[in-house]
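Okay, so here's the structure we're looking at.
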Amino acid sequence: MWVGVFRSLVLGLCIFVGSAHGSTVLFLNPGHAAEPFWSSYSQFMQVAADQLGMDLTIQYSERVPSLTVDNARAALHSARPPDYLVFVNEQSVGPQILRMAQGTQVKVFMVNNGLTPGQAQLISENQRHYAPLLGSLLTNDEQAGYLMLNQLVAAHGPLAPGQALDLLAFSGVAQTPASILREQGMRRALAEHPQVHLRQRVYGAWDRERAYQQAGQLLKRYPRTALVWSANDEMAFGAMRALQEQGRMPGKDVLFSAVNTSPQTLQARIDGRLSVLFGGHFTLGGWALVLLHDDALGVDFSRHGGRDRSVESLRNLDPATARQLLAHGVGPGHPIDFNAMSAKGKPAGYRYPFSLDAVLP
């Protein structure tokens, strides 16, 4: 069940899973151990590690970028470094990690947040100072941001001639590529809907309490707000709370969109408090372990879809799909077969079937 997905496995910042006889993997999780998205992400990785026989360590950075860098440095230069280091370019820590990894035997893999164009150019021009990336696995953040606003407008329904809709937008963190891309998508959709007026975009730092404080002021400043676009679920819930305290109802007086798949979020989509929901990118860490597993077996996974790849894991979750995810979850005991996804022994034309469909019953 999804409740189990988000249950903390330990009280500390590290959890150890998998087989001691397999390849060792360190995942630098940028979130909080109790944060619904990042804890579900870790849980999915745990299921993959258990099945693939990999020795996985997860270190949480509690949304402190310097702690991610410190953890990377300690691991890379320890007496027993991991075989693989998996990290997220949250708040643009990627180049620092790649620079520290240069000259080590650790293979480095990036998930969820890719390098910015500026970072990629910097590394390309100074390659000898940076470790090469074994690969990366990203998701369709820009497309999701675009589709979320389009569907939010559609959920509102037709407008009378001359009628306009006031929109508030809660973006994540200015330095985080996923946040940047989701907002870019939202603005691309905005250009196609001149009747929608973006009154203000704020950075909610992915945080419920911060968004609550911001929304309390914004909803008073813009009392005709009809739509709220949010780059994650925590910020959407914070804004909902502010709206309810002003005597209005989410899903009726104001329509909300969000990203992520915590039990609370899925239930909000089922209940109609969320009019639009996208999710599924909690799977990327598990898919990444399949690629690392194959690399350890001597498989060149780049021949089966590329070294750097993007998976359309962020998809629209209607109420029926939300019910499926809520009922079946992705914790231990889920019937997904990670070993069957391996390219080992598969023909040259094989492509990894990484999709949320693999998780749904």
Can you name the helices (runs of 4 or more DSSP H) wholly within the stretch 94-162 that have at least 1 residues being of a type in the set (F, W, Y) and over 19 Å from T68 (Cα atoms)?
141-156
Consider L159 carefully, then state whether it is open to solvent by less than 30 Å² (accessible area, probe 1.4 Å), over 17 Å from N113 (Cβ atoms) and over 16 Å from the mean Cα position of the chain (by Cα).
no
If you check G18, G12, which single one turns out to be in contact with a strand residue (DSSP E or B) (Cβ under 7 Å, 6 or more places away or on another chain), at pLDDT below 95 and open to solvent by less than 50 Å² (accessible area, probe 1.4 Å)?
G18
Could you list, ordered by first residue, the pairs with Cβ atoms under 7 Å in which the first is in the stretch 299-317 and touching a residue at least 60 places away in the same chain (Cβ under 8 Å) and open to solvent by 50 Å² or more (accessible area, probe 1.4 Å) and the second is outside any loop (DSSP other than H, G, I, E, B) and of a type in the set (V, I, T), at least 6 apart or interchain?
S310/T139
Filter result for V290 (part of a loop (DSSP other than H, G, I, E, B) and among the β-branched types (V, I, T))
no
Scan the stretch 255-280 residue by residue and report those that are in a helix (DSSP H, G or I) and open to solvent by 10 Å² or more (accessible area, probe 1.4 Å).
P263, Q264, Q267, R269, I270, D271
Of the residues that sit in the stretch 31-61 and are open to solvent by 10 Å² or more (accessible area, probe 1.4 Å) and assigned to a loop (DSSP other than H, G, I, E, B), which one is farthest from A178 (Cα to Cα)?
G53
Residue list for the stretch 131-158, filter: under 18 Å from R273 (Cα atoms) and not hydrophobic (A, V, I, L, M, F, W, C)
N150, Q151, H156, G157
Check the stretch 178-187 and report whether any residue there is at pLDDT 95 or above, at negative phi, among the charged types (D, E, K, R) and not in a helix (DSSP H, G or I).
no
Which pairs turn up if I take residues in the stretch 163-182 that are closer than 16 Å to R208 by Cβ and look for partners that are among the charged types (D, E, K, R) and assigned to a helix (DSSP H, G or I) with beta carbon separation below 7 Å, at least 6 apart in sequence or on another chain?
S171/E183
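The values are calculated or read from the model by the stated rules, or taken from the named source; none is laboratory data. Quantities reported herein were computed from a predicted structural model and do not represent experimental measurements. Positions of Cβ are backbone-derived with ideal geometry, glycine not excepted, and every protein chain shown enters the neighbour counts. Ligands, DNA and RNA are excluded from the accessible area calculation, which covers all protein heavy atoms including side chains. Shrake-Rupley method; radii C 1.70, N 1.55, O 1.52, S 1.80 Å.
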